[in-house]
Amino acid sequence: MDESHEHSEISHNAHVDRAHKSDVDHSSHKGHGANHRGNMTKDLKNRFWVSALLTIPILLLSPLIQNLFGFSLVIAGSDLILFISSSAIFFCGGFPFLTGSVEELRRKDPAMMTLIALAISISYIYSLAVLLGFESEPFFFELATLIDIMLIGHYLEMKSIISAGKALEGLARLLPDTAHLIKGGKMTDIRTNDLKPGDRILIKAGERIPVDGLVLEGASYVDESMLTGESLPVKKEAGNKVVAGSLNGDGVMEVNLEKSGEGTYLNKVMELVREAQASKSRTRRLADRAARLLTFIAIISGSSTFIFWYLNGRSLSFAVERMAAVMVIACPHALGLAIPLVSSISGGLLAKKGLIIKDKAAFEEARGVTAVLFDKTGTLTEGTFEVISVNIIDDSFDETALIGLAAALEEKSEHPIAKAILKRALALSVRPSAAADAQVIKGVGIKGLVDGREVMLTSKRYAKEHNLTLANAEDEGAETLVYVIVSGRPAGVISLADRIRTESYRAIESLKAAGIKSFMLTGDNERVAKAVSAELALNGYFAEVLPHEKRDKVIELQAQGEIVAMTGDGINDAPALSTANVGIAIGSGTEIVALAADIILVKSRPSDVPLLISFSKKTFGKMIENLVWATGYNVIAIPLAAGLLIGKGILLAPATGAALMSLSTIIVAVNARRLSVER
């Protein structure tokens, strides 16, 4: 029947990015990529600790530190100590940056790695020249602190990549690792990844379906709400297709496997991990552009400084010292931390809240969202049917009696509506009588004898055709109406609906408070859509929208000047998710949905949408603040290091430049740590 038992069946360091790409390309080795990235992170961490320990003697022997803390330390062989310590730091701690710069130059795309490599190379070579007799001040302090801070910056960025990867891999664990293979009349459990097209597998009751395939034998109702957006589970029998990730009901089925290897869900999710690693935000690209610009500024201003002073009669040592000071200072410590530190902190904070950022650029764009489109089923609603009301037509019955009659007929049914009625009976402590001669009548419903009376459960359509309906006994918010007919007369109407999530109310209220419009997309009829929209106080809704039309609604809003975020959980939402300015996938959607979305809400909470938008604004603000602090230092320091104000007695000494570097870095770090997520 139409509303009861009759249902439709339906990094800036790109060299690191490439180094990891091969580690996430096969689902059977899903842990390998994570392990390799873990090793890379451990390597950066180890290099940092080695460099940090070797920095201690350099700091103790630094005139800046001695003057700052008021002590004097003179050690025999101090030059040798400085040489050994700085050499070890340069070759051990600086190795990732030196090799990274080679990769950038090979691509003809100098950026952060090139800038760092240039600064540490000049610092090291110039300091060695000073040790060998060149009259000037060495840059050992700058060399050591620059490498230490850049290592910790890259370590934090790698940790954020791993954090995103682990969260995305968690989606893969929603599927079973093993499947029940039927071969030669026997059943054996094997790894899902070892299955091949044509294999016959058994799907037991209550299990998630591990593969895409075709039902050969058996029948069951399958919950595909996360795939299709349909509220009701769909009956699957011989000849029907099942999709990986959907949840089997109480039946048992034998399925012929159609997809394996690269076509599996798990492999697609691992591809998501790779994309998350390769994703580079606009502010990250901005930092790269700043680094690229500073690289050219360092070379040009350094060379110009040397030529100017040397041609104007200054000594060679003075000209070289000014050139080196400019080129070293041009690489601010803070710029290396400005974006990675904020990304690491924001990524960690969001991961704890269950939000996975797949596309960092989309996360940044979320700060400008003006309208949010929500899919209804499984997003704003629970995605499962419940009895929302029982309307009495015949006063000789009450709710308990009516539910008891309906439960008697539905007691052995696997149908989701039957489960909802039985759940209500349990809540009312009703023990249904045994039904006699119970039978399902196709297109009508189910009937049988209960306590000697003929009872029929039927749809509104059947009741209307037989003049058994009463409009005032129906619930306008119901998606499904079950008429209870007793001895040929209507006794009452059981109204069922997909219950609205408690979280949805808070989500809409928060969006309204932020001045953001909320709309709902649904394939349900006008009556149901209107009821849900009114209940949530949405700005509007689009009812009876076919899957391919959802994308059109996104475009329609965009044409009106709205910056649109689309939130959904089914395959039918994928085109809209891809078209929206920001695509947000709810929880355990399929790989198609995950691939189409920019952001994944692992915990399926609609209230995470306004949280995401709010936090996007905060994160972007912190990134810009840090970039201003990091590059602002150069605007002041480079001209002073070059000797622009030497006529007024102002000349930035390398030690003073190092102090300003440290101050800039501390400000950036403290500012990033002030970032927080608030609900």
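The values are calculated or read from the model by the stated rules, or taken from the named source; none is laboratory data. Remember, it's a predicted structure, so these values are computed and weren't measured experimentally. Neighbour counts are summed over all protein chains in view; Cβ atoms, including those assigned to glycine, are modelled from backbone coordinates with ideal geometry. Heads up: the accessible areas ignore ligands, DNA and RNA and are worked out on the full protein's heavy atoms, side chains in. Shrake-Rupley method; radii C 1.70, N 1.55, O 1.52, S 1.80 Å.
In table form, for the structure just shown:
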item	result
Segment LYS45-ALA76, extension gain: residue separation times 0.36 nm, minus the distance between their alpha carbons	8.0 nm
Listed residues TRP309, TRP49 arranged by accessible area, highest first, probe 1.4 Å	TRP49, TRP309
Evaluated over segment 70-116, the Cα radius of gyration and Dmax, each in Å	16.2, 48
Cut-off 9 Å between beta-carbons: net charge of the residues surrounding PRO606, Lys and Arg +1, Asp and Glu -1	+1
Gained length - GLU535 relative to GLU454, 0.36 nm times residue gap less alpha-carbon distance	25.4 nm
Length released on extending from SER429 to ILE299, taking residue separation times 0.36 nm less the Cα-Cα span	38.6 nm
Label-point separation in nm, ALA513 to GLU411, each point 7 Å along Cα→Cβ	5.0 nm
Rounded accessible area of THR384 (nearest 10 Å², 1.4 Å probe)	70 Å²
Net charge of neighbours whose Cβ lies under 11 Å from the Cβ of SER433, counting Lys and Arg as +1 and Asp and Glu as -1	0
Sulfur and carbon atoms: percent of accessible area, segment 315-407 [1.4 Å]	51 percent
Distance between modelled label sites at LYS352 and LYS196, nm, 7 Å Cα→Cβ extension	4.9 nm
Equivalent ellipsoid, segment 403-469 (semi-axes from 5 times Cα gyration tensor eigenvalues, Å)	20, 14, 11
Accessible-area value, ARG289, 1.4 Å probe, nucleic acids and ligands omitted, Å²	120 Å²
